[in-house]
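Chemist: Would you mind keeping the following structure in view while I ask a few things?
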Amino acid sequence: MNTFDFGIVGLGVMGRNLLLNMADQHHAVAGLDLDADKVHSLTQEADSEHRIKATTEVKEFVELIKQPRAIMILVPAGKAVDAVIGNLLPHLDKGDIIIDGGNTYFTDTDRRFNELSVKGIHFFGMGISGGEKGARFGPSLMPGGNKEAYERLRPIFESIAAKVNGEPCVEYLGNGSAGNYVKMAHNGIEYGIMQLISEVYDIMKRGYKMDDSTIQKVFEEWNHTELESYLIEITGQILKKKDTDGQNLINMISDWAKSKGTGKWTSQNAMDLEVPLPTVDAAVAMRDMSKSKPERIQAASKLIWNSEQTNTDVPKAIEELKGALHFSILITYAQGLALLTKASTEYKYELNLETIAKIWRGGCIIRSVVLEDFRQAYAKNRDLKNILLDDTIASTLIENQSNIRNTVQFSVQKGIPIAGLMNSLAYFDAYRSEKLPTNLIQALRDYFGAHTYERTDTNGTFHTEWND
Ligand code: 6PG
């Protein structure tokens, strides 16, 4: 009784793997699940090295854990989280901690945080990234909640998180729902980068007519360059995978993608906060477009575009594509980080962007060598409004400008849909425009709706009778 360091509710793949990861790090961990088979299978993992106990009984589970208790819930986001909290509550004491490790929408976390703090229970929303393998061998963890209460969790989380140069990919991020918000932005960036990779793959395949094996080798090689990252690495592995008949599996996979919604949430909330995220928006839109397969089949034979033949220098094209991808990936991170900067003020999270770049360097899906550059940029200037204003990042973007422009030109001419690349370039061009044509939008609004406008030469609001 009361001797276990930590408790996990929900022994599905993520819960079980995190629990085993903790047990490997010599923490005594209790597990709870209503499914007796899962409980039984976990119990069999216990040995003299691993103090594990699993049960189907809530009371027994809670009583196993040291006070103040630390209990993580790993069940599907939504009503199931509230149901588990409701079952745990009668057995908990003041000062106990509940952590939701799911991809929960941040306002749900704020509600639970407030409801539970009235009862003296600390509630944490924690983003966990890295999938099943990450959970088992080293995820990136994004906890948000009460800063003092985090001290109870710190040693356990630091021991199980991925490490980069010995530094754990976890740190207390901020108040309330900060952890879920940061994970949501992470997923928005994840959507953006995946969209960009798929566009570059499409340009290679349909635009430059490169064969599968050449494309695969390019991605594999890119992972040893400035593009080194988890998503580029696994793209190289995916393109190598054979189906049972020995053919490339990728060519047998349907072209419509599902989504659980975290990318959409990122775009939706960014619009509420008036932060432009056009690459992420495009990624969400293109997943939606992918779903309308019957319409696309109909349109393919109707909306014809015959592109011009182009002479292709493939090695040059590959170099251009590499630069274009590097450029647009940097822009995607810039958008996500700008969102976090605004959200931190808006929701009083007190986020430290250097810390976020630091804990995203390992374990998570968007881990990449560029995160170290971002970390250094924020270390130099804590108040950096946008990563594009950092000298190192700015010069990389400038170096790659011709690559992205040539890639966009080529793809547009070929009729290849590249919403992610185009929106990354448009973001860059708008951001570096001292003067945008929005003066005309102001005038149009004032013309048809008397919405007024501001002037460049004097302060105040003005209205003109345009139709005189
Ligand atoms: C991670 C992933 C993980 C999950 C995504 C998938 O960081 O480990 O982001 O959380 O795989 O939520 O999201 P979609 O189903 O929306 O693509």
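Chemist: Please give the net charge around Tyr172, taking every other residue with its beta carbon less than 13 angstrom from that of Tyr172, where Lys and Arg add +1 and Asp and Glu add -1.
Modeler: Residues near Tyr172 contribute -1 overall.
Chemist: If I stretch the segment between Ala257 and Thr392 completely, what's the gain in nm (0.36 nm per residue apart, minus their alpha carbon distance), one decimal?
Modeler: This chain segment gains 45.1 nm when fully extended.
Chemist: Filter the trypsin sites (Lys or Arg not before Pro) in region 208-287 down to the DSSP loop ones having no more than 11 other Cβ atoms within 10 Å, then list what survives.
Modeler: Passing sites in region 208-287 are Lys209, Lys241, Lys258, Lys260.
Chemist: Tell me, what is the FRET efficiency for Lys316 and Ile234 to the nearest 0.05, using R0 = 30 angstrom and their Cβ-Cβ distance as r?
Modeler: 0.65
Chemist: Right, another one. Summing Lys, Arg as +1 and Asp, Glu as -1, what charge do residues with Cβ under 9 Å from the Cβ of Ala162 carry, Ala162 excluded?
Modeler: +3
Chemist: Amide H neighbours of Gly176 under 5 Å, at least 5 residues apart or on other chains, H built in the peptide plane: list them.
Modeler: Answer set, sorted by chain and number: Gly145.
Chemist: Quick one: what are the phi-derived ³J(HN,Hα) couplings along region 343-355, Karplus 6.51/-1.76/1.60 with θ = phi - 60°, whole Hz, x for glycine and proline?
Modeler: 5, 4, 6, 4, 9, 6, 6, 6, 6, 10, 5, 5, 5
Chemist: Can you compute the label reach from Glu399? Point 7 Å from Cα along the Cβ direction, backbone N cut-off under 18 Å, restricted to region 207-224.
Modeler: 222-224
Chemist: Using a 1.4 Å probe, what is the accessible area per residue for the chain, in Å²?
Modeler: 49
Chemist: For Asn306 and Glu434, calculate 0.36 nm times their separation in residues minus their Cα-Cα distance, and state this gained length in nm to one decimal.
Modeler: 42.3 nm
Chemist: Report the FRET efficiency, 1/(1 + (r/R0)^6), for Lys59 and Glu158, where r is their Cβ-Cβ distance and R0 is 25 Å, rounded to 0.05.
Modeler: Given R0 = 25 Å and the Cβ-Cβ separation, E is 0.25.
Chemist: Can I ask one more? First compute the accessible area of region 290-449 with a 1.4 Å probe, then give the percent of it belonging to carbon and sulfur atoms.
Modeler: 53
Chemist: Sticking with this structure for a sec: Would you grab the residues whose amide H sits under 5 Å from the one on Arg51? Only those 5+ places off in sequence or on another chain, please, with H modelled 1.01 Å from N.
Modeler: Correct list: Val29.
Chemist: If Lys and Arg each add +1 and Asp and Glu each add -1, what is the summed charge of the other residues whose beta carbon sits under 15 Å from the beta carbon of Asn403?
Modeler: Computed value for this residue: -4.
Chemist: Taking Cα centroids, how far is region 92-139 from region 389-468 in Å?
Modeler: Here the two parts' Cα centres lie 40 Å apart.
Chemist: Now, a different point. So which of Lys163/Lys217; Lys119/Lys147; Lys205/Lys322; Lys385/Lys435; Lys322/Lys342; Lys209/Lys240 end up more than 21 Å apart, counting from Cα to Cα?
Modeler: Violating the 21 Å limit, Cα to Cα: Lys163/Lys217; Lys322/Lys342.
Chemist: At Ser41 and Asn352, where each label point lies 7 Å from the Cα along Cα→Cβ, what is the point-to-point distance in nanometres?
Modeler: Label at Ser41, label at Asn352, 4.0 nm between them.
Chemist: On to the next question. Do the sum for the chain: with -39,500 (n - 2.57) for every DSSP H run of n ≥ 4, divided by all residues, what is the mean residue ellipticity at 222 nm, to the nearest 500 deg cm²/dmol?
Modeler: -16500 deg cm²/dmol
Chemist: Oh, and also: What are the ³J(HN,Hα) couplings of region 323-339, residue after residue, when phi is run through the Karplus curve with 6.51, -1.76, 1.60 and θ = phi - 60°? Round to Hz, x for glycine and proline.
Modeler: So the Karplus estimates, Gly and Pro as x, are x, 5, 5, 4, 4, 6, 5, 4, 5, 5, 4, 4, 5, x, 5, 5, 4 Hz.
Chemist: Further question: Taking amide H atoms as placed 1.01 Å from N in the peptide plane, list the residues 5 or more away in sequence, or in a different chain, whose amide H sits under 5 Å from that of Asn248.
Modeler: Asp243
Chemist: Using the Karplus equation 6.51 cos²θ - 1.76 cosθ + 1.60 (θ = phi - 60°), what ³J(HN,Hα) coupling, rounded to whole Hz, does each residue of region 236-241 give in order, writing x for Gly and Pro?
Modeler: So the Karplus estimates, Gly and Pro as x, are x, 6, 4, 5, 8, 5 Hz.
Chemist: Which FRET efficiency value, to the nearest 0.05, is calculated for Asp457 and Glu295 with the Förster distance at 56 angstrom and r the Cβ-Cβ distance?
Modeler: 0.65
Chemist: Compute the long axis of helix 438-449 from its Cα atoms, compare it with the longest principal axis of the Cα atoms of the chain, and write down the angle in degrees, 0 to 90, nearest 10.
Modeler: For helix 438-449, the angle is close to 90 degrees.
The values are calculated or read from the model by the stated rules, or taken from the named source; none is laboratory data. Note that this is a predicted model, so its numbers are computed, not measured. No Cβ is skipped: glycine too gets one built from the backbone with ideal geometry, and neighbour counts run over all protein chains shown. In case anyone asks, the SASA skips ligands and DNA or RNA and just uses the protein heavy atoms, side chains included. Shrake-Rupley method; radii C 1.70, N 1.55, O 1.52, S 1.80 Å.
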